[in-house]
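Novice: Submitted below is the structure of interest, expressed as structure tokens.
The values are calculated or read from the model by the stated rules, or taken from the named source; none is laboratory data. Remember, predicted model here, so these are calculated numbers, not experimental data. Positions of Cβ are generated from backbone atoms using ideal geometry, with glycine treated the same way; all protein chains shown enter the neighbour counts.
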Amino acid sequence: MRHFTFSIFSLAFCGLMSLPSLLSAQKVGIGSASFVPLNRLDVKGNAVIGTNYSGVNTAPTNGLLVEGNTGIGITLPTERLDVAGNVKFSGALMPANTAGTAGQVLKSSGAGVAPVWGPQMAGITAVERWYLGPQTFNAATTYTFTITGVTACTISSMVSIVLAGNWATQPNVTIHHIEARTGEIKFRISNNTLTTNYVGMILMFL
């Protein structure tokens, strides 16, 4: 390595070859004089990249610290790690340094917040999604719905119902008396207002 460094500068200073053109044709090794670099840049040890990191922080043994965004397969990364292509890993996914337990699902906590591990899903044998709409819910009225043909539903199933639609103000309705039955779901929806009719409401349930 030491001989290689002297050769670069001696050739450059003698005017036989410019330093940039010489470097462009070589492989550079940093960290030891006893190994031959096999790539454009080989570093034997750790490295730090970044204006505010360099000379301030120490990278882990044989590790790397990067101050800015890192792109793999992309030229303009917009996140700390921006990958264009597939990602393969063999270890655990650990939000907040927690691997979770077998059967848990990962839930989003919203933008800028780390996801969290959700409920156990190991006991779920079937998932069905249903859609009903659009519906009109008149003021001060309660409606009863019985959805049949839900083949995987049993009396022990968990049912989640969501009301979707296009409204300027969140509708004042209550979804209640949800019953999971064999092959069907039964529930009620009450319009709690005295004067407002809600039109075009869509029911989605899981």
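Novice: Farther than 27 Å from Arg80 by Cβ, at pLDDT 85 or above and either more than 31 Å from the chain's Cα centre (by Cα) or among the β-branched types (Val, Ile, Thr) (or both): does that describe Leu38? Before you say what the answer is, go through the steps one by one.
Specialist: Values: farther than 27 Å from Arg80 by Cβ: yes; at pLDDT 85 or above: yes; either more than 31 Å from the chain's Cα centre (by Cα) or among the β-branched types (Val, Ile, Thr) (or both): yes.
Judged against the criteria, Leu38 is a match.
Novice: Here are Thr101, Thr151: which of them is exposed (fewer than 13 other Cβ atoms within 10 Å of the Cβ) and in contact (Cβ under 8 Å) with a residue 24 or more places away in the chain? Reasoning before the result, please.
Specialist: Numbers: Thr101 fails: in contact (Cβ under 8 Å) with a residue 24 or more places away in the chain.
Answer to the selection: Thr151.
Novice: Can you tell me which residue within segment 89-109, out of those that are part of a loop (DSSP other than H, G, I, E, B) and in contact with a Leu (Cβ under 8 Å, 6 or more places away or on another chain), is modelled with the lowest pLDDT? Walk me through how you get there before you give the answer.
Specialist: Taking segment 89-109 and keeping what is part of a loop (DSSP other than H, G, I, E, B), we get 89-94, 98-103, 108-109.
From what's left, in contact with a Leu (Cβ under 8 Å, 6 or more places away or on another chain): 93, 99-100.
On the way: Leu93: 89, Ala99: 89, Gly100: 86.
Filtering segment 89-109 for residues that are part of a loop (DSSP other than H, G, I, E, B) and in contact with a Leu (Cβ under 8 Å, 6 or more places away or on another chain), the one modelled with the lowest pLDDT comes out as Gly100.
Novice: Also, I was wondering about something else. Just to be sure, is Gly63 of a type outside the set (A, V, I, L, M, F, W, C), loosely packed, with under 12 Cβ neighbours inside 10 Å and at positive phi? If you could, list the steps in order and put the result at the bottom.
Specialist: Values: of a type outside the set (A, V, I, L, M, F, W, C): yes; loosely packed, with under 12 Cβ neighbours inside 10 Å: yes; at positive phi: no.
Considered against the rule, which asks whether it is of a type outside the set (A, V, I, L, M, F, W, C), loosely packed, with under 12 Cβ neighbours inside 10 Å and at positive phi, Gly63 comes out as no.
Novice: For segment 54-72, which residues satisfy the criterion of being among the hydroxyl-bearing types (Ser, Thr, Tyr) and within 26 Å of Ala84 (Cα to Cα)?
Specialist: At the first step, the residues of segment 54-72 found to be among the hydroxyl-bearing types (Ser, Thr, Tyr) are 54, 58, 61, 70.
Once the filter is applied, which keeps residues that are among the hydroxyl-bearing types (Ser, Thr, Tyr) and within 26 Å of Ala84 (Cα to Cα), segment 54-72 yields only Thr70.
Novice: Among the residues of segment 115-139, which ones are aliphatic (A, V, I, L, M), modelled with pLDDT of 85 or more and either exposed (fewer than 13 other Cβ atoms within 10 Å of the Cβ) or not in a loop (DSSP other than H, G, I, E, B) (or both)? Walk me through it before giving the result.
Specialist: Looking only at segment 115-139, we keep the residues that are aliphatic (A, V, I, L, M), and these are 116, 121-122, 124, 126-127, 132, 139.
Still in the running and modelled with pLDDT of 85 or more: 116, 139.
Across segment 115-139, the qualifying residue is only Val116.
Novice: For segment 83-103, state whether one or more residues are charged (D, E, K, R) and more than 30 Å from Pro119 (Cβ to Cβ). It would help to see each step written out before you state the result.
Specialist: So in segment 83-103, the residues charged (D, E, K, R) come out as 88.
Among the residues that remain, those that are also more than 30 Å from Pro119 (Cβ to Cβ) are: none.
Among the residues of segment 83-103, not one is charged (D, E, K, R) and more than 30 Å from Pro119 (Cβ to Cβ), which makes the answer no.
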